[in-house]
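Written out below as structure tokens is the structure these notes cover.
The values are calculated or read from the model by the stated rules, or taken from the named source; none is laboratory data. Nothing here was measured: the structure is a model prediction, and the numbers come from that model. Cβ coordinates were reconstructed from backbone atoms using ideal geometry, including for glycine residues, and neighbour counts include every protein chain displayed.
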Amino acid sequence: MKITKIEIKDFHQFKDFSIDLTYPKGHEKEGQPLDKVCFIGQSGTGKTTLLELVPKFLCFYETNLLEKIGEDSIKDKISFNILFGLSNEYSSNLKFTLSKAKLFIRNWTEVKLNNVEYTLNREIWDIFQDDWQNKTSTKLIYFPANLNYNLDIESEEELEEKEIIDFSQDKISTVWNIILEKIQGYQEQELKIRQDISKVVEKSSSDIKAIQKALKKLESWKANEFNPIQDIADKCLNPLLAHYKLKVKTELDFKTKEDIGFIKIEDFTNNEIPHGLWSTGTKQVVLSALPLYLLKPKHTVILFDEPERSLYPDLQRTIIDYYSTLTEDCQFFYSTHSPIIASSFEPWEIVELKFNSDGKVYRELYYEGENHVDNYKWNPKYMRWDDILQRIFDLEDDGSPERKTKLNELATLNVKYNKLKKQGKEQEPETLEIIEAISKLSKELSKWD
């Protein structure tokens, strides 16, 4: 299930607003829904609003935002075009309207099956709701900007009972429950084999061959048995935690499921880092990547608000592509203020929101003429960070006011030096002082040529 278009007739700061979310002409996926979308723009332009409208239209689910604004404000004003089916064979336009019974229902128009248009009927609805949403796709996942960093894994409600996986409402650490039984089963088997080895040593302490045979059994078991903790370490968290010089602790000591607790982290010298001492960045990495690994989302929509929070720039460079590797045929929507996050997207994947003179929001287009891959003015993937800030994020200055002051000082010194040089006074004390000042300022002003 992927969104191809959002249209808003009149809703808060949006009026006659429309965004096409398909690949442009000339692209190998021309006309197909984008695999990932990045919303950028000033605070208040509606980035988070767009994210939180998605669960309402795709899952009848109200996020915190929708609960505050009320359904009256969206009826007959907003529509979503979606494609679903393993080959995108179904397409529809969804919007909310008011029935005679005063109930909000989904209004389907332009319903297509194998490129043939159909009128609204129960059969099409059943295909979407039963065959697709309940059997084929996984639940929509929403990561808010303010993730709940509580690492207590107890939860009154199972994730399977949720309408969507909404981490603005639930503790993100509850996904750990998904793998607890597997970890416990693995550890119990290992404990049993180790106990058998101990019995062999006790009975045949002088029988080296018997002891070696028992140890070989343990080695063979470890080599062939699926280790859930090691798999998490190797395929999910360790590549990210390495940026913090940390890794997943794979050797666990417990006797019951209750002893496991949440995942454990250690440094490269095997010193365990207690949960209370985890940095915010470490929590952000674990609590955003782990759910995608454990939930294994497929054919659904995943929403991320400000994924850059608490992440150092080097990790921001890789996190977007990394999230995609943990999913199957999902569509990602991101909202960000980070030029580094934006550099992970093609220009047609970025939706820049701006205010017009009337205070309404529009999308800034990055192409001229026809929406074709060759007509885009710039590509964030090829640009320097300062270029992205200036061209994509519209930052007028290339540095602080203090930097400008120093640049003016440097320019003045250069004028004085060139004047003295023309007068043949290159070795005069005044000239040498100017040269020394120019050298000092040049080092202070990074990237100055």
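Remark: pairs (first residue in region 224-248, free of Cβ contacts under 8 Å to residues at least 40 places away in the same chain and at positive phi; second residue of a type in the set (A, V, I, L, M, F, W, C) and surrounded by fewer than 19 Cβ atoms within 10 Å (Cβ to Cβ); Cβ separation under 7 Å; 6+ apart in sequence or on different chains) = LYS245/PHE268. When the residues of region 76-105 are filtered to those that are exposed (fewer than 15 other Cβ atoms within 10 Å of the Cβ) and in contact with a strand residue (DSSP E or B) (Cβ under 7 Å, 6 or more places away or on another chain), the one that is modelled with the lowest pLDDT is ILE105. Would you check if ILE388 is modelled with pLDDT under 90 and hydrophobic (A, V, I, L, M, F, W, C)? So ILE388 passes the test. Annotation: of all residues in region 404-418 being exposed (fewer than 14 other Cβ atoms within 10 Å of the Cβ) and aliphatic (A, V, I, L, M), the one that is farthest from ASP386 (Cα to Cα) is VAL415. Here region 419-429 is the region considered, the condition is being surrounded by fewer than 11 Cβ atoms within 10 Å (Cβ to Cβ) and on the phi < 0 side of the Ramachandran plot, and the residue that is farthest from the chain's Cα centre (by Cα) is GLN423. Of all positions in region 344-366, none carries a residue that is touching a residue at least 12 places away in the same chain (Cβ under 8 Å), over 22 Å from ASP16 (Cβ atoms) and loosely packed, with under 15 Cβ neighbours inside 10 Å.
THR4 - would you say it is touching a residue at least 24 places away in the same chain (Cβ under 8 Å), within 21 Å of the chain's Cα centre (by Cα) and in a loop (DSSP other than H, G, I, E, B)? When the stated conditions are applied, THR4 does not pass them.
Cβ-Cβ contacts under 8 Å between residues 6 or more apart (or on different chains), taken from a first residue in region 22-33 that is farther than 10 Å from GLU349 by Cα and without any contact (Cβ under 8 Å) to a residue 40 or more places away in the chain to a second residue that is in a loop (DSSP other than H, G, I, E, B) and among the aromatic types (Phe, Trp, Tyr), are listed as LYS29/TYR23; GLU30/TYR23; GLY31/TYR23.
May I ask you to verify whether LYS56 is at negative phi, surrounded by fewer than 17 Cβ atoms within 10 Å (Cβ to Cβ) and basic (Lys, Arg)?
Criteria not met by LYS56.
Quick grid of which residues meet (1) of a type in the set (S, T, N, Q); (2) in contact (Cβ under 8 Å) with a residue 12 or more places away in the chain; (3) in a helix (DSSP H, G or I):
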| residue | (1), (2), (3) |
| --- | --- |
| ASP374 | no, yes, yes |
| TRP378 | no, yes, no |
| ILE388 | no, yes, yes |
| ARG403 | no, yes, yes |
| GLU409 | no, yes, yes |
| ASN418 | yes, no, yes |
| ILE435 | no, yes, yes |
| LYS440 | no, no, yes |
